[in-house]
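Structure first, then comments.
The values are calculated or read from the model by the stated rules, or taken from the named source; none is laboratory data. The model shown is predicted, which means the values in this text are computed figures rather than measured ones. Here Cβ is always computed from backbone atoms with ideal geometry, including for glycine, and neighbour counts include all displayed protein chains.
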Amino acid sequence: MSKRYAESDVDRQEIVHRHTSVANELFEVGEPIYVYRSHLSEQRGRGKPRHQIANRQLRESVAALPANPNSVCAADDDHYCVRALATRWKPDFFEVLVLNVSNELEYGISFVSPRTRNVYSPYDGGIDTFSTAPELLEEKFPYWQSTRHDRR
């Protein structure tokens, strides 16, 4: 499968299989992890539903990081907002999130293990991983990797 978006249930099953296979190499079931979601320009509204990822509550505190720190005007849309969920690695929770990301219902998601420092960032059409042992992923999944020369 070398297409960016799923066109059938079989494609969606393959996406979940690939994402789960790679992520299970980075995280152990039950391992404490953080799930981060970052968005550019997050409006703070009153009376809106709380922030969630796949029906799991995110922390209500938010870190607003300047997107353009040298700008003259710090407008509401000139910062990144990062929210976090402290949880444990559980592939079935992850599967829902991967499908949401692949259908562009979620974005800016990263999973981080404080123990191993592995980072897993799914996006529509692929995965970015940051691992202390990238060669293990390269050996295990050689045919799923990008063939672009600038992939590293």
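Within region 132-141, is even one residue out of contact with any Phe, Trp or Tyr (no Cβ under 9 Å at 6 or more places or on another chain), at pLDDT below 70 and exposed (fewer than 14 other Cβ atoms within 10 Å of the Cβ)?
Checking region 132-141: not a single residue is out of contact with any Phe, Trp or Tyr (no Cβ under 9 Å at 6 or more places or on another chain), at pLDDT below 70 and exposed (fewer than 14 other Cβ atoms within 10 Å of the Cβ).
Can you name every residue in region 104-125 that is free of Cβ contacts under 8 Å to residues at least 40 places away in the same chain and closer than 16 Å to Glu14 by Cα?
Scanning region 104-125 gives a single hit, Tyr123.
So is Thr116 touching a Ser or Thr at 6+ places or on another chain (Cβ under 8 Å) and either modelled with pLDDT under 65 or assigned to a loop (DSSP other than H, G, I, E, B) (or both) or not?
The answer is yes for Thr116.
Restricting to region 119-141, give me the number of residues that are assigned to a helix (DSSP H, G or I) and of a type in the set (A, V, I, L, M).
Going through region 119-141 one residue at a time, the tally reaches 2.
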